[in-house]
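Asker: Supplied in C-alpha cells, the structure appears directly below.
What follows draws every value from the coordinates through simple rules; no lab data is involved. These numbers were taken from a predicted model, which means no experiment stands behind them. With ideal geometry, Cβ positions are generated from the backbone for all residues, glycine too; neighbour counts draw on all protein chains shown.
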Amino acid sequence: NFGVIYGISGFGLARNLRIPRAEAQAFIDTYFKRFPEIRTYMDETVMSAKENGYVKTLFGRKIHTPEIGAKGPHAGFAKRAAINAPIQGSAADISKLAMLTRYDKMQQQNFKAQMLLQVHDELIFEAPEDEAEKLVSVAREVMETACLPLIELEVPLVADAGVADNWMDAH
C-alpha cells in the first residue's frame with residue numbers, strides 16, 4: 001500500500017514481493033483503478049508544488065519543495081516528497097497540538113505522569129500505576145480531538161493506547 005502511494009514501480013514491487021513484474025504492475029494498475037482519488041491527489045499535489053514551490057499541511061503550514069523541478073534520479077524522490085509532505089506534515093501538526101493540549105489537561109488534573117518522548121505519532125508517558133487508566137483516557141481524548149476546532153476531519157482519528165513497563169510491551 002505505502003509502496004504504491006510513494007511511487008514504487010512494477011519492477012520494485014515485483015522485487016520486494018518476489019512476484020512476476022507483470023503481476024506487480026497489474027496490482028499497481030488495479031489499485032489506482034479502485035482508488036482513483038489517490039492518483040488525483042498525487043497528480044494535483046505535484047502540480048501545485050511545481051507551481052508554488054511548496055505544499056501545505058491541513059493547517060496551512062508551508063513545506064517548501066525546492067527540488068520539485070529536478071531531472072533524473074532526483075525527480076522521483078522530489079515528487080514522492082511533495083506527495084508525502086502534506087500527509088506527514090499534517091500528522092506532525094496534529095501531534096504537536098495534542099502535546100500542547102495534553103500538557104494543559106495534565107496540569108489541570110494534577111497528574112504526576114510525565115511525557116517522555118514522541119515517536120512519530122506516538123506519545124510515550126511514564127506514570128504511576130494508579131494514574132495509568134485515567135492518563136490513557138485523557139491522552140486518547142486529547143489525541144482524537146487535537147485538531148478541533150481548527151479542522152473537523154471527515155474521517156475521525158482513532159487513538160490506540162497501551163500500558164506496560166516498557167515501550168515494546170505496550171504495543
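Asker: Anyone know which of 155, 142, 55 comes out most mobile in the 10 Å Cα GNM of the chain?
Answerer: 155
Asker: Further, regarding this structure: Only Cα pairs under 8 Å and at least 6 apart count here; give the relative contact order of the range 1-118 as a rounded whole percent.
Answerer: 17 percent
Asker: Over all alpha-carbon pairs in the chain, figure out the percentage whose distance exceeds 24 Å.
Answerer: 53 percent
Asker: Shifting gears a bit: What's the angle, to the nearest 10 degrees (0 to 90), between helix 21-34's Cα axis and the longest principal axis of the chain?
Answerer: 60 degrees
Asker: Could I ask something else about it? Compute the helix-to-body angle for 73-108: its Cα long axis versus the longest principal axis of the chain, expressed 0 to 90° and rounded to tens.
Answerer: The angle comes out at about 10 degrees.
Asker: Right, another one. Taking 0.36 nm per intervening residue step and subtracting the Cα-Cα distance, what contour gain separates residue 153 from residue 1 on full extension?
Answerer: Working it through step by step, the gained length comes to 52.5 nm.
Asker: Given the pairs 33/56; 56/105; 56/96, which span a C-alpha to C-alpha distance of over 21 angstrom in this model?
Answerer: Violating the 21 Å Cα-Cα cut-off are 33/56; 56/105.
Asker: Please list 36-44, 22-30 highest first by mean number of surrounding beta-carbon atoms within 10 Å per residue.
Answerer: 22-30, 36-44
Asker: Around residue 25, with a cut-off of 14 angstrom between Cβ atoms, what is the net charge of the other residues, counting Lys and Arg +1 and Asp and Glu -1?
Answerer: +1
Asker: Which value in nm describes the separation of the simple spin-label points at residue 59 and residue 109, placed 7 Å from the Cα toward the beta carbon?
Answerer: 2.2 nm
Asker: Full-extension gain between residue 70 and residue 31, please, as 0.36 nm times their residue separation minus the C-alpha to C-alpha distance.
Answerer: 11.3 nm
Asker: Here's something else I'd like to know. Hey, can you grab everything whose amide H is under 5 Å from the amide H of residue 125? Only 5+ residues off in sequence or another chain; H modelled, so Pro and N-termini drop out.
Answerer: Those qualifying (amide H under 5 Å, at least 5 residues apart or on another chain) are 116.
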